[in-house]
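J.: My structure is below; once you've seen it, I'll send some questions.
Bear in mind that the values in this text are calculations on the coordinates, not laboratory data. Here the structure is a predicted model, which means the values were calculated and not measured. Positions of Cβ are generated from backbone atoms using ideal geometry, with glycine treated the same way; all protein chains shown enter the neighbour counts.
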Amino acid sequence: TDAESPNGTSVQAIQWSPTRDEFILISGFQPAQAALWSWDERAMKVAVAKVLLEKAHRNTIRFNQFGSLVCLAGFGNLAGQVDFFGRPEEENTDFIRVSSCQANCTVSAEWAPDGRHFLTAVLAPRMRVDNCVAVWNALTGARIDGMEFEELYEAQWRPEPPDSLRFLDISFEEIHGAFEAAGAKMLGYVPDSAYEYYSESKSVKDGK
């Protein structure tokens, strides 16, 4: 691409969507910019579709297998801030932020096969203390499970067969519900509709 980073030439991370001709690029010196780029097949070039984060300490990108949710995080030598973005409409190239959380000292991070839970792990030998795993609900940003270890060297989800239909993609309604609930949370209250969403999201297509 001929495009230049708006705040420097340093590339922190880049990852293609697993389902679309688009990728996310984190570029510039920290705090860096995270932007969604779209590939135009006819013009044979890429263009910025949306700036997701203007200035943030991020260096990690993880799409879920459906391409419907993406995690932008600051791991390694950064503070562990995490944002989850979701696509609100089928034909839309946009992403909206649905939740945030803090996963300090994360060394390894991967999506669950269901595309809605996210695993972070603090691993040895990089970290000799506080080794642990944590499971996050990406639609709410809540830590729902975790375990501590004296020493932990690897943590992964059990693989799902490529042709498995046990897990389905996240609906646009769920992403909208998470977005509205996150906005209500920032304003300091949670309306009844958000409570209904939280309750429903625990049982809808979560693989349990």
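J.: Using θ = phi - 60° and the Karplus form 6.51 cos²θ - 1.76 cosθ + 1.60, what ³J(HN,Hα) does each residue of segment 46-54 get, whole Hz, x for Gly and Pro?
T.: 10, 8, 5, 8, 6, 8, 7, 9, 6
J.: Would you please put 152-163, 12-23 in order of how densely packed they are, using the mean number of other Cβ atoms within 10 angstrom per residue and starting with the highest? Intermediate results must be reported in sequence, preceding the final value.
T.: Values: 152-163: 11.0, 12-23: 15.2.
Answer by packing, highest mean first, reads 12-23, 152-163.
J.: Which whole-Hz couplings ³J(HN,Hα) result when phi for each residue of segment 24-34 is put into the Karplus expression 6.51 cos²θ - 1.76 cosθ + 1.60, θ = phi - 60°, listed in order with x for Gly and Pro?
T.: Listing the rounded values in order: 10, 10, 9, 9, x, 6, 5, x, 9, 9, 10 Hz.
J.: Once you put a point 7 Å from the Cα of PHE172 and another 7 Å from the Cα of MET147, both along the Cβ direction, what distance in nm separates them?
T.: Each label point lies 7 Å from its Cα, and together they span 3.9 nm.
J.: So between ARG128 and GLU90, what do we pick up on full extension, going 0.36 nm a residue minus the alpha carbon distance?
T.: On the way: separation 38, 0.36 × 38 = 13.68 nm, distance 4.41 nm.
Separation in residues times 0.36 nm, less the Cα-Cα distance, equals 9.3 nm.
J.: Something else: Just to be sure I understand the model, the point goes 7 Å from the Cα along the line to the Cβ. What's the resulting TRP16 to VAL51 distance in nm?
T.: Roughly 2.7 nm, to one decimal.
J.: Given the peptides 36-44, 100-108, arrange them by the average over their residues of other C-beta atoms within 10 Å, most packed first.
T.: Details: 36-44: 12.1, 100-108: 18.0.
Packing proxy ranking, top to bottom: 100-108, 36-44.
J.: When the chain is fully extended, how far beyond the present Cα-Cα distance does ASN104 get from ASP163, taking 0.36 nm per residue of separation? Could you put the intermediate results ahead of the total?
T.: Details: separation 59, 0.36 × 59 = 21.24 nm, distance 3.46 nm.
Here the answer is 17.8 nm.
J.: Once you charge only the Cβ atoms, +1 for Lys and Arg and -1 for Asp and Glu, what is the size of the charge dipole of segment 34-132 about its Cα centre, to the nearest 20 debye? List each step's numbers first, then the result.
T.: Values: 11 positive and 11 negative charges, 84 e Å.
Here the size comes out at about 400 debye.
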